[in-house]
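S.K.: There's a structure below that I have some questions on.
The values are calculated or read from the model by the stated rules, or taken from the named source; none is laboratory data. Everything numeric in this text was worked out from a predicted model, so none of it was measured. Quick reminder, even Gly has a Cβ in these numbers, built from the backbone with ideal geometry, and neighbours come from all protein chains shown. Only protein heavy atoms, including side chains, enter the accessible area calculation; ligands, DNA and RNA are left aside. Shrake-Rupley method; radii C 1.70, N 1.55, O 1.52, S 1.80 Å.
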Amino acid sequence: MNAVQVVENLKQRFPNEPEYIQAVSQVLGTIEEEYNKHPEFDKANLIERLCIPDRVIEFRVSWVDDKGNVRTNMGYRVQHNNVIGPYKGGLRFHQSVNLGILKFLAFEQTFKNSLTTLPMGGAKGGSDFSPRGKSDAEVMRFCQAFMSELYRHIGADVDVPAGDIGVGGREVAYMFGMYKKLTHEWSGILTGKGIQFGGSLIRPEATGYGNVYFLVNMLNTRGIDIKGKTVLVSGSGNVAQYTIEKCIELGAKVVTCSDSDGYIYDPDGITREKLDYIMELKNIERGRIREYAEKYNVKYVEGAKPWFEKADIALPSATQNEINEEAAKALVANGVIAVSEGANMPTTPEAIKIFQDAKILYSPGKAANAGGVAVSGLEMSQNSERLSWSREEVDAKLHSIMNNIHENCVKYGTEPDGYINYVKGANIAGFLKVAKAMMAQGIV
Ligand SMILES: NC(=O)C1=CN([C@@H]2O[C@H](COP(=O)(O)OP(=O)(O)OC[C@H]3O[C@@H](n4cnc5c(N)ncnc54)[C@H](OP(=O)(O)O)[C@@H]3O)[C@@H](O)[C@H]2O)C=CC1
Ligand SMILES: N=C(CCC(=O)O)C(=O)O
């Protein structure tokens, strides 16, 4: 395989999907050497079958707002690859959602899920509907309308969606209720459910906790302690909140968080009490992070991202391509020692090069943020057993899975000079398991 030729071919076939091409290009560029050790892969045209999703489901969602207006949004589910398990991946409700974004997320999900060692294929879905500024009743009616179409295409052993941007416990619960109504079936067809109806303990915390567990593994390779380090976090939603929680628990000082309007900078660090305020502000009041700055009299920067503040560690936990080349140069100049991705593909290719040329510890989301889907997989196991495991049991399994992912990244990503290229390690480790399963299952 020549990665450049394959990517050029995909660019011609899918000219308006830059994020999908970006994700594919990064994986192909790092697995090419390993791929070419297996001529049987090329003979089976494995790479094209691996890059292009099994199927894309696209539908209209009509719903009625509180003023009685009939609204229309687009709904999608990209079922990318199910050779190692049922399709598995989140649902994103955000005005920026389009097919190209979901194809990038579903592609990344396939390799991320492979890394967890759990039997889960890759998928992603969602809508250009945004819950921001909508009433609970409007969110409920949209979720019901969305599920009234999606339910035909999912199932506990077929495709199991979950949360992502704009889809939290509230949205998952509304969709779960509608699925049951339509099918008369109680089954684990969504993860991130409430613990009263089959949800797993630790699932809300899992992505953020898992990223910090992975970060600690990375720091340990250089004998660095997270305690006392200054940390930049972006986002203030599910992933960011529990990233901050685990950082506080381990003695790090988180000085920023953000939303799509701007970021706050708190030089004294976000304490447990301040994090409780953020959780109330974001999860209950559905307010803006600017209100934190007003309450605690700290700096708020409108329309900017936190990456130009000085810190030891950066944990991007908002959205894709939020760290560009300029931001990466500023982080390195300010002495950052580690960047670990809580979000999916938050670092541009140019920025990744800056980090890797500077030999800092840098991990892609498919490795570092896999804790969320891993605990979703554990939720599926508990649902299959009709059992609920304790917080301690789930957290211990999460910790072990993140340690295993790190070991595989080191195994496949260590360069001759000893630098650990986590992008290469994660992509090769995730790819090999899927590729071998695809070869075994024939041309389908
Ligand atoms: N939830 C999960 O299980 C997992 C999520 N992820 C990834 O983590 C990231 C965050 O997801 P999650 O915390 O679940 O989502 P939430 O909706 O809970 O939070 C998203 C946060 O990011 C901000 N944000 C969203 N879009 C943008 C944007 N275009 N520019 C700036 N800020 C933005 C939001 O601000 P605002 O409030 O203004 O919208 C909010 O603070 C995403 O990349 C997601 O794909 C990865 C693994 C698992
Ligand atoms: N949004 C998620 C979580 C997916 C899941 O828990 O199925 C992700 O891994 O990007």
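S.K.: Tell me, what is the per residue accessible area of the chain in Å², probe radius 1.4 Å? Write down the numbers at each step before the final one.
M.R.: Details: 17370 Å² over 444 residues.
Value returned for the chain: 39 Å² of accessible area per residue.
S.K.: How large a share of the accessible area of the stretch 322-408, in percent, is made up of carbon and sulfur atoms when the probe is 1.4 Å and the other protein chains stay in place? Display every interim value, and only then the final one.
M.R.: Details: 1500 of 3100 Å².
Using a 1.4 Å probe with all protein chains present, the stretch 322-408 comes out at 48 percent carbon and sulfur.
S.K.: Further, regarding this structure: Could you size up the charge dipole of the chain around its Cα centre, putting +1 on the beta carbon of Lys and Arg and -1 on that of Asp and Glu, and report it in debye to the nearest 20?
M.R.: The dipole magnitude comes to about 600 debye.
S.K.: Another question, then. Counting only protein heavy atoms and a 1.4 Å probe, tell me what percentage of the stretch 215-309's accessible area is made up of carbon and sulfur. Intermediate values should be presented prior to the final figure.
M.R.: On the way: 1920 of 4150 Å².
In the stretch 215-309, the share of accessible area belonging to carbon and sulfur is 46 percent.
S.K.: Using amide H atoms built in the peptide plane, which far-off residues or other-chain residues are under 5 Å from His80 H to H?
M.R.: Asp54, Gly122, Ala123, Lys124
S.K.: For the stretch 50-58, take each phi angle, set θ = phi - 60°, evaluate the Karplus expression 6.51 cos²θ - 1.76 cosθ + 1.60, and give the result in whole Hz per residue in order, putting x for glycine and proline.
M.R.: So the J values, rounded to whole Hz, are 7, 7, 9, x, 4, 7, 10, 10, 10.
S.K.: Roughly how many Å is it from the Cα centre of the stretch 111-186 to that of the stretch 323-348, as a whole number?
M.R.: First find each Cα centre; the distance between them is then 31 Å.
S.K.: Going from most exposed to least, what order do Arg272, Arg170, Arg60 have by accessible area with a 1.4 Å probe? Can you show the working numbers first?
M.R.: Numbers: Arg272 95, Arg170 40, Arg60 155 Å².
I get Arg60, Arg272, Arg170, largest accessible area first.
S.K.: Given a Förster distance of 56 Å, report the FRET efficiency between Glu149 and Asp42 from their Cβ-Cβ distance, rounded to the nearest 0.05.
M.R.: FRET efficiency, Glu149 to Asp42: 0.90.
S.K.: Of the DSSP beta bridges with both residues in the chain, give the percent that are antiparallel, rounding to the nearest 5.
M.R.: Numbers: 27 of 46 bridges.
Counting only bridges with both partners in the chain, antiparallel ones make up about 60 percent.
S.K.: So how far apart, in nm, are the two label points at Asn2 and Ala137 if each is 7 Å from Cα heading toward Cβ?
M.R.: Between Asn2 and Ala137, the label points sit 6.2 nm apart.
S.K.: Please report, as a whole percent, how much of the solvent-accessible surface of the stretch 11-73 comes from carbon and sulfur atoms (probe radius 1.4 Å).
M.R.: 45
S.K.: Then there is this: Relative contact order for the chain using alpha-carbon pairs under 8 Å, separation at least 6, rounded to a whole percent?
M.R.: 15
S.K.: A further question follows. Shape verdict for the stretch 293-444, please, from the Cα gyration tensor: rounded (a/c under 1.5), prolate (a/b greater than b/c) or oblate. Show your work: numbers first, answer last.
M.R.: On the way: a/c = 2.18, a/b = 1.34, b/c = 1.62.
It is oblate, given that a/c is not under 1.5 and a/b is not larger than b/c.
S.K.: Pop out the ³J(HN,Hα) list for the stretch 77-86 in order, Karplus 6.51 cos²θ - 1.76 cosθ + 1.60 with θ = phi - 60°, rounded to Hz; leave Gly and Pro as x.
M.R.: Running phi through 6.51 cos²θ - 1.76 cosθ + 1.60 with θ = phi - 60° gives 9, 9, 9, 7, 7, 10, 5, 9, x, x Hz.
S.K.: Mind ordering 230-240, 22-32, 378-388 by average Cβ neighbours within 10 Å, highest first? Don't jump to the answer; show the numbers that get you there.
M.R.: Numbers: 230-240: 26.5, 22-32: 21.2, 378-388: 17.0.
Averaged packing, sorted descending, gives the order 230-240, 22-32, 378-388.
S.K.: Sticking with this one: Measure out, as a whole number of angstrom, how far apart the alpha-carbon centroids of the stretch 213-276 and the stretch 374-394 sit.
M.R.: 27
S.K.: By average Cβ neighbour count within 10 Å, what is the ranking of 48-58, 191-201, 295-305 from highest down?
M.R.: Numbers: 48-58: 17.3, 191-201: 19.0, 295-305: 13.4.
Ranked by mean Cβ neighbours within 10 Å, highest first: 191-201, 48-58, 295-305.
S.K.: Can you sort Lys103, Lys229 by solvent-accessible area, 1.4 Å probe, largest first?
M.R.: Values: Lys103 10, Lys229 45 Å².
Greatest to least solvent exposure: Lys229, Lys103.
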